[in-house]
């Protein structure tokens, strides 16, 4: 099992209604990079004052994407949140409640001891900048920064792990933390797949819209007999990493019923992205998304045996033995 990030303050709170199926899996979306309970920190402090420094020098690995080496903190750290853009980006600006994809290194101000970094794991962190999802220092420091930016910050205990510190990371309740964060991407409710359109030529399968403007794509279900086997076809093929069977993913999706084409669930309608592990959802989702590339839009047609079967979620408007049709935009692996 890969090492978990210490940054998270709590599990993401998104609920994906396609989870909680008949095989007894949980219905709450949880990213694989989740903390132990000892890392949980309530967000109760008032917003910090943001200042320019002091901040320690980045002495090596100074380019965006390189693992940095950071000097020991110079003297006494600020009691406020110190933030500096070491490398300005030119991409989309980050907003609070966005999901960000970043590489980062964290160390203790007084000792320069590195307590966590994603560079060595070779897996960027994808996490929502929302209260209760991540330490407050990040939640206040990153909004307004652009994709492609390297941001350095010093986070006092008030906006870090509080007076209790974090025993897992060797962080005392009096420690100010220093982070270097490379902002690779940002995602929000308007995010869509990015890639090349793939021809949809089978008249017996639903046709999915290819718009990438953040609006829900159309799903046109044919007047044909529903397939008895799983269908998982690219609508838009991205060029990102392939999703593994045990991956956690960040997605936009829309679900309709084969029998009448009526929508029963959609992240677009809620205005909120969904994140979950493929080990926590119905088998049709897990099998259909495994092997697909990040950045893609996928048509997934799930027969009852790989969906809810005769045990659909209460209040979902899904009947027993329904065939489910989804358009799924795979925005990121988490």
Item checked: 222 nm mean residue ellipticity, helices alone, for the chain (DSSP H n ≥ 4; -39,500 (n - 2.57); rounded to 500) -> -1000 deg cm²/dmol
Notebook entry, point to check: What FRET efficiency do you get for residue 279 and residue 199 if R0 is 30 Å and r is their Cβ-Cβ distance, rounded to the nearest 0.05?
Noted result: 0.40
Item checked: Cα gyration tensor shape for region 112-227, rounded if a/c is under 1.5, else prolate or oblate -> prolate
Checklist line | Anisotropy class of region 224-289 from Cα gyration tensor, a/c 1.5 cut | finding: oblate
Margin query: Sorting check: for 114-123, 131-140, which peptide has the highest mean count of neighbouring beta carbons within 10 Å, and how do the rest follow?
Written below: 131-140, 114-123
Item checked: residue 71-residue 172 FRET efficiency (beta carbon distance; Förster radius 22 Å; 0.05 resolution) -> 0.65
Item checked: Shape category assigned to region 171-226 from the gyration tensor of Cα positions, a/c cut at 1.5 -> prolate
Item checked: Relative contact order for the chain, counting Cα pairs under 8 Å that sit 6 or more residues apart, in percent -> 19
Next item on the list: Just subtract the alpha-carbon distance of residue 112 and residue 319 from 0.36 nm times their residue separation and send over the number in nm, one decimal.
Entry: 68.7 nm
Next item on the list: Sticking with the crude label model, points 7 Å out along Cα→Cβ, report the distance from residue 80 to residue 223 in nm, one decimal please.
Entry: 6.8
Item checked: Of 95, 130, 60, the one that fluctuates the most in a GNM where the chain has Cα springs shorter than 10 Å -> 60
Next item on the list: In a Gaussian network model over the chain where Cα atoms closer than 10 Å are linked, find which of 176, 158, 69 has the largest mean-square fluctuation.
Entry: 69
Item checked: Relative frequency of Cα-Cα separations exceeding 17 Å in region 196-333, percent -> 56
Notebook entry, point to check: For residue 57 and residue 272, what is the calculated FRET efficiency with R₀ set at 45 Å and r taken between the beta-carbons, to the nearest 0.05?
Noted result: 0.70
Next item on the list: State log₁₀ I(q)/I(0) for region 41-187 at q = 0.19 Å⁻¹ as given by the Debye formula over alpha-carbon point scatterers of equal weight, solvent excluded.
Entry: -1.18
Next item on the list: Could you order peptides 209-217, 145-153 by the average number of other Cβ atoms within 10 Å of their residues, highest first?
Entry: 145-153, 209-217
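Just so you know, all these numbers are worked out from the coordinates, no wet-lab data involved. Source: prediction; values computed, not measured. Cβ atoms come from the backbone with ideal geometry, glycine included; neighbour counts cover every protein chain shown.
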